[in-house]
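Okay, so here's the structure we're looking at.
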Amino acid sequence: MSVIVIIKRWLSYSRNFPLNLYLKRLNQQPTVNYCHTVSFSNIQRISLINRFFNNNCKMYDWNNLPRPNVIFVLGGPGAGKGTQCNLISKKFGHVHLSAGDLLRKEQNTAGSQYGELIAEHIKNGTIVPVEITCKLLMNAMLENMISLAKMVEGNDKPIATGNFLIDGFPRNQDNLDGWQKFVGDKVNVQLVLVFECPEEVYIARCLKRGQHSGRADDNPESMKKRLDTHLNQTMPIVKYYEKLDLVKRIDSSRSIKEVHEECCTILQSLMAQAK
Ligand SMILES: Nc1ncnc2c1ncn2[C@@H]1O[C@H](COP(=O)(O)OP(=O)(O)OP(=O)(O)O)[C@@H](O)[C@H]1O
Ligand SMILES: Nc1ccn([C@@H]2O[C@H](COP(=O)(O)O)[C@@H](O)[C@H]2O)c(=O)n1
């Protein structure tokens with residue numbers, strides 16, 4: 001068994017990380033490569049974990065991992081963010097992390113202290129506090145960064161980097177502030193892709209998806225609220241990134257193939273510039 005522990009010096013909210021629960025959980029699932037984040041103040045506890053696992057425990061510090069590239073993906077509900085991210089990820093190898101999917105997963109995790117809060121926000125189309133969403137995103141990013149780092153083990157310092165598509169984030173000012181505070185320049189934000197459709201297309205797509213998605217928010221009442229959030233809270237974030245010249249707006253009312261082709265052109269040009 002190998003256990004991976006990442007030391008995160010800069011996340012104060014994980015200071016009271018429930019280590020006992022962690023050990024208990026590992027005990028119940030002892031076969032996994034487990035990755036979790038703990039704060040610097042828990043370093044003494046790390047040596048405890050280490051003893052627990054007969055020193056078969058690896059420690060990484062985000063600060064020593066290569067700086068990953070991030071593309072944020074925004075757009076109204078049903079704009080096609082997830083669909084296009086999947087296609088981009090297949091073609092270019094980006095890791096696709098959907099904030100909404102991570103929140104839904106957390107909501108459905110037995111014993112999660114955030115389950116009810118997340119469910120309420122999703123039903124109302126409002127935005128979950130960034131401390132929760134950012135933590136989920138960062139843990140998912142770190143897991144991927146560690147896998148990449150492992151591929152180049154043997155070097156003193158890992159050299160691999162990661163390319164992430166972060167779908168549905170930052171959705172409001174609180175998301176943006178939290179991201180700057182917890183992540184900031186530890187990643188390189190390369191681009192913000194914004195998928196846009198007329199309102200009736202958003203609604204038609206989500207209601208159609210609602211026939212089989214089982215999502216609590218693919219219904220007319222939640223749609224109104226989600227559109228309102230998109231217009232009044234997310235669009236100001238798009239404007240913020242526009243001032244930084246990072247935004248590419250894409251008409252996603254076209255076919256999936258046409259939208260994907262435009263995404264490919266944008267990504268290819270980004271990669272050419274990055275070389
Ligand atoms: N270009 C398109 N033309 C027609 N249907 C599409 C297109 N893109 C996506 N869809 C469909 O619309 C629905 C919403 O797409 P998708 O889940 O990718 O959107 P999203 O922006 O991620 O939505 P949300 O933010 O609500 O999670 C899905 O059923 C998908 O199959
Ligand atoms: N940054 C985010 C992203 C999503 N949410 C909540 O999840 C709902 C569904 O998100 P999708 O991206 O899958 O449409 C969204 O309406 C929010 O309630 C969030 O809080 N913060």
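For Val247, the amide hydrogen comes within under 5 Å of the amide hydrogens of Val192, counting only partners 5 or more places away or on other chains and with H modelled in the peptide plane. Residues in region 189-198 carry Karplus couplings, in order, of 6, 8, 6, 10, 8, 10, 8, 10, 9, x Hz; the curve used is 6.51 cos²θ - 1.76 cosθ + 1.60 with θ = phi - 60°, and Gly or Pro positions show x. Taken one residue at a time, the phi angles of region 256-267 give Karplus couplings (6.51, -1.76, 1.60, θ = phi - 60°) of 4, 5, 4, 5, 4, 4, 5, 4, 4, 4, 5, 5 Hz. Gly and Pro are set to x.
Proximity of backbone amide H atoms, modeled 1.01 Å from N, is registered between Gly162 and Asn69 at under 5 Å, excluding neighbours fewer than 5 places apart on the same chain. Modelled spin-label separation between Tyr240 and Glu120, with each label point placed 7 Å from Cα along the Cα-to-Cβ direction: 2.4 nm. For Arg209 and Arg254, the difference between the fully extended length at 0.36 nm per residue and the C-alpha to C-alpha distance is 14.5 nm.
With coordinates expressed along the principal axes, the C-alpha atoms belonging to region 69-274 extend over 54, 43, 33 Å, beginning with the largest.
Here, each number is a calculation from the coordinates, and none is a lab measurement. Nothing here was measured: the structure is a model prediction, and the numbers come from that model. Methodologically, a virtual Cβ is constructed for each residue, glycine included, from the backbone with ideal geometry; neighbour enumeration extends over all protein chains shown.
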